[in-house]
Structures are given as structure tokens and as C-alpha cells.
Amino acid sequence: MLDRIRVVLVNTSHPGNIGGTARAMKNMGLSRLVLVEPEDFPSSEAVARASGATDILDSAVVVQTLEEALTGCSLVLGTSARDRRIPWPLLDPRECATTSLQHVEQGGEVALVFGREYAGLTNEELQRCQFHVHIPSNPDFSSLNLATAVQVLAYEVRMAWLAAEGRPTKVEKLETTAMLNSMPVTADELERFYAHLEQTLVDIGFLDPEKPRHLMSRLRRLYGRSGVSKLEMNILRGILTETQKVARGVSYKRSDEDV
Ligand code: SAH
């Protein structure tokens, strides 16, 4: 799907920005780069800034006009550093990504068009686009570096694509821990913990079973308030078990004794 979304750079002056764009695209899974009249390309500076995304540079298509760059595209989105340059349907990067994804899902081809470092896109070029996209930057300093602007849109496209594919946005290992961490402890697990805690406090002499006062009810209130997860409960139970061992005179580091 992502191979039906092309990035078009118009009249780029700095080859470093072309390299930065290739890197940003490859990071986010985009592969089709079209360059309209680049001032300096191919170039070693572009290769250096691409940091290994040279396949994107090698397969980049260089054309002379924006019209050629847009061949076959049924949705064209033009980016602009200024939000109300000409009154036109305006999208933010997130809306741009979902609109683009919907379009490719229906079999269409999409172009994301980026302008010159110093002058952006001309009004004529902007009028070739169905939508304008503005990254909601600081109005007093609204213009992003070209490759950075590509990165923002490419990231949103990736997020929309992951959502459309039902793929996770987090790596699985982290997810397992995160799941365990977010699963709340059950009432019976809590009761077993309170019994363990009480016994440990007795073992270390902190709680006198003859004069318990309100210690356990205060501790119940404390733990009840903190919304302990299963993972955290495992840690607490582990601490109690080791504390009991030390209280009973069993060395914490058994292996040291064994030597
Ligand atoms: N002086 C130019 C700035 C161009 S920055 C101008 O005022 O238009 C180079 C390119 O980066 C822009 O043409 C656009 O494609 C992209 N860009 C930079 N900042 C952006 C922003 N806030 N929103 C959308 N695109 C932006």
C-alpha cells in the first residue's frame, strides 16, 4: 500500500535535504521519491545524509516538471509552511495521512508534494493540489527544514498504515511486559499479599501480634489506593519472601555460603 504514496520534492537546492528525505522515507516504510528539477543530484552529500537509505536515492525518478511527477496520481497533497497562503481545503498531517491511506486502499495513487527551501511551492503549483497540508508549527517560526517536514508527514502516514493493517505500534517484548504491568491485581491476590505482609512484619518484629493497633488497616488503605498491577505485586511478594529469609537468618546470597 505504501508504495502507492510518492514523495515529490520540487526544485530542491540542497542535496543534503534529498538525502535526509530518503532516510526519513525509508525509516517510515515509504519508497518512491520523485525529484522535480533538483539543483544538485546525484550527489555525495545526498548519499551521506541518506545514512544507508541509498536504495531510495538510486530508484529516485528525476523529472523536469511537476506535471510529469504527478503522472498517474489521483490525489495530490501540497505542503505549505504558511497556513492561509491561498484559501484552499486544508488538512493537518494526521488528516493528510488518513486521507492518503483511504485513497490507496481504494486503489488510487497519492503524491505528497514539498517545495523549495527558500520559496516553498508557487501558487500555481499549490493550485494543482486537491488539498494543502500545514504542519501546525509555531506561527512566529513556522517553516521546518524540508527533510524534517517530510519526516513529520511520513511518520503520520506510517501510524495510519499501522492502524489500517491492525499492526502494533510497540515491539512485542515490551508489549508483554506492558500488558502484565497494566493488568490489575485481583482481590484474592491482594488478600494473599496482606497475609504475607502481616506475617513478614511479625517476623521482623515490626508488628506485635498482641498489640497490632491499626497498622494492617492503614497498610490496606495505602495499597488499596495505589492500584497495584500484577507485575508490581510479583515484586512486592518477592521482597517479602527475601525479607523473611533474612529475618530467619538465611543468607540472602545463598551461593556465597555454598562456596
Ligand atoms: N520560505 C518557504 C519555506 C519553505 S520550507 C515558505 O514560506 O513557503 C520548504 C518546504 O518544507 C515547504 O515548501 C514545505 O513543503 C515544507 N514545510 C516546511 N514547513 C512546513 C510546515 N509548517 N507545514 C507544511 N510543510 C512545511
Rounded to whole Å, give me the distance from the Cα center of the stretch 213-239 to that of the stretch 50-105. 54 Å
Extension gain Leu144-Glu95, at 0.36 nm per residue separation less the Cα-Cα distance, in nm? 15.8 nm
Estimated FRET transfer efficiency when R0 is 22 angstrom, pair Ile86-Thr65 (beta carbons, to 0.05): 0.60
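Starting with the highest mean, order 57-70, 90-103 by the number of other Cβ atoms within 10 Å, averaged over the residues of each peptide. Walk me through the numbers on the way to the answer.
On the way: 57-70: 15.6, 90-103: 19.1.
Going by the mean number of other Cβ atoms within 10 Å, highest first, we get 90-103, 57-70.
If a/c stays under 1.5 just call it rounded; otherwise compare a/b with b/c (prolate if a/b is bigger, oblate if not). Do that for the stretch 1-56, with a ≥ b ≥ c from the square roots of the Cα gyration tensor eigenvalues.
It comes out oblate by the Cα gyration axes.
Counting helices only, and only those DSSP H runs with n ≥ 4, report the 222 nm mean residue ellipticity of the chain as the sum of -39,500 (n - 2.57) divided by its residues, in deg cm²/dmol to the nearest 500.
-15000 deg cm²/dmol
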So the angle from the long Cα axis of helix 215-225 to the longest Cα principal axis of the chain, reported in degrees to the nearest 10, equals 10 degrees
Classify the stretch 113-160: rounded, prolate or oblate, from the alpha-carbon gyration tensor (a ≥ b ≥ c, eigenvalue square roots; a/c under 1.5 rounded; otherwise prolate if a/b is larger than b/c)? oblate
At R0 = 22 Å, how high is the FRET efficiency between Ile239 and Glu210 if r is their beta carbon distance? Nearest 0.05 is fine. 0.30
Gain on full stretching of the segment that runs from Gln106 to Asp203 - 0.36 nm per residue minus C-alpha separation: 28.1 nm
Less than 19 Å from a label point 7 Å out along the Cα-to-Cβ axis of Thr169: which backbone N atoms in the stretch 93-119 qualify, by residue? 93-102
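How do 147-158, 17-28, 41-52 rank on mean C-beta neighbours within 10 Å, highest first?
Working: 147-158: 21.6, 17-28: 23.8, 41-52: 16.5.
Top to bottom by mean Cβ count within 10 Å: 17-28, 147-158, 41-52.
Read-outs throughout are calculated quantities, based only on the coordinates presented, and are distinct from any laboratory measurement. Just so it is clear, the structure is predicted and the values come from calculations on it, not from any experiment. Methodologically, a virtual Cβ is constructed for each residue, glycine included, from the backbone with ideal geometry; neighbour enumeration extends over all protein chains shown.
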